[in-house]
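Undergrad: Okay, handing you the structure first.
Please treat every number below as a calculation from the coordinates, not as lab data. Just so it is clear, the structure is predicted and the values come from calculations on it, not from any experiment. Here the Cβ is made from the backbone with ideal geometry for all residues, glycine too, and neighbour counts use every protein chain on show.
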Amino acid sequence: MANTHDWSRTVDLEHLESIRRRPDVFAPGGARHLLLEVLAYPSEEAEDLGTGRAFVTFHPDGSISVTDEGRGTVTQVDGQGRAVRKPVMATRDLRFFDSPTPPLLPDGHPRRGMSVVAALSVWLVHTNRRGGAAWTQRYERGVPVTDLTPVPVVGPAGTTVRFLPDPVLAPVRELGQAGFGPHLALTEVMN
């Protein structure tokens with residue numbers, strides 16, 4: 001699975017710190033860019049599957065959640081029987097991060113991956129439903145602070161990412177026109 005992330009490490013502290021040192025570079029325009037980084041994954045999956053849905057919720061505490069009905073983040077069982085999820089939150093996305101020409105998000109800025117969202121969030125909770133099982137894990141400033149914990153399966157396969165953007169970033173109050181194309185239906189919810 002090294003085509004998107006290096007499974008040999010679950011956290012790249014140096015990578016996360018380099019993002020935190022330069023929020024203007026990695027989140028131009030503020031929290032809206034982080035939201036677009038999250039939405040790029042369900043959009044990519046919807047394009048692969050031909051259709052998809054994502055729900056964006058703006059919570060009173062300033063956090064934002066994105067829930068999709070995709071396949072869920074790849075999770076494997078290791079030799080000791082433990083669930084191991086693809087390290088999307090705390091390591092660089094090999095497709096985009098160091099690319100001289102990464103794809104652009106709808107805001108016109110480069111896509112870098114979920115590690116940008118995790119590193120530039122006070123906290124982030126990633127919940128994953130795949131293969132009849134579900135897990136959740138909490139990150140603070142990109143670093144996992146809980147183990148990958150099994151949770152009850154609620155609904156079909158998919159992923160929920162809820163994050164509280166760093167207060168130094170310009171806030172986003174609504175998504176507006178996301179610009180991901182017709183394959184991803186977006187529903188915006190004010191909570």
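Undergrad: Send over the semi-axes of the chain's equivalent ellipsoid, whole angstrom and largest first, taken as the square roots of 5 times the C-alpha gyration tensor eigenvalues.
TA: Equivalent ellipsoid of the chain: 22, 20, 17 Å, largest first.
Undergrad: Would you kindly calculate the translational diffusion coefficient of region 62-170, applying Stokes-Einstein with the Kirkwood radius from alpha carbon pairs, for 25 °C and a viscosity of 0.890 mPa s, and quote it in µm² s⁻¹ without decimals?
TA: After rounding, the answer is 166 µm²/s.
Undergrad: Could you compute the FRET efficiency for residue 53 and residue 151, with r as their C-beta to C-beta distance and R0 at 22 Å, rounded to 0.05?
TA: Working: r = 21 Å, r/R0 = 0.96.
Once rounded, the FRET efficiency stands at 0.55.
Undergrad: Averaged across orientations, what area in nm² does the convex hull of the alpha carbons in region 69-124 project? Could you put the intermediate results ahead of the total?
TA: Numbers: hull surface 22.8 nm².
Answer in nm², one decimal: 5.7.
Undergrad: Along region 49-63, what does the Karplus equation 6.51 cos²θ - 1.76 cosθ + 1.60 (θ = phi - 60°) give for ³J(HN,Hα), rounded to whole Hz, x for Gly and Pro?
TA: Result, rounded to whole Hz: 8, x, 6, x, 10, 9, 10, 10, 10, 9, 8, x, 7, x, 7.
Undergrad: Further, regarding this structure: Run the numbers for residue 138 and residue 74: contour at 0.36 nm per residue of separation, minus the present Cα-Cα distance, in nm.
TA: Using 0.36 nm per residue and subtracting the Cα-Cα distance, I get 21.3 nm.
Undergrad: May I pose another question? Give me, ordered by chain and number, the residues 5 or more places off residue 122 or on other chains with an amide H under 5 Å from its own placed amide H.
TA: Here 164, 166 satisfy the definition.
Undergrad: Points 7 angstrom from Cα along the Cβ direction at residue 24 and residue 170: gap in nanometres?
TA: Between residue 24 and residue 170, the simple spin-label model gives 1.3 nm.
Undergrad: While we're looking at this one, here's another question. Scan around residue 93 for amide H atoms under 5 Å from its own, H built in the peptide plane at 1.01 Å from N, and keep only partners 5 or more places away or cross-chain.
TA: 115
Undergrad: Each residue of region 88-97 in order: what ³J(HN,Hα) in whole Hz does its phi give by Karplus 6.51 cos²θ - 1.76 cosθ + 1.60, θ = phi - 60°, with x for Gly and Pro?
TA: Each residue of region 88-97 in turn: 6, 7, 10, 9, 6, 7, 5, 6, 10, 4 Hz.
Undergrad: Could you derive backbone 3J(HN,Hα) for region 99-111 from the dihedral phi with the Karplus parameters 6.51, -1.76 and 1.60 (θ = phi - 60°), listing whole Hz in sequence and x where the residue is Gly or Pro?
TA: 5, x, 9, x, x, 9, 7, x, 7, x, 9, x, 7
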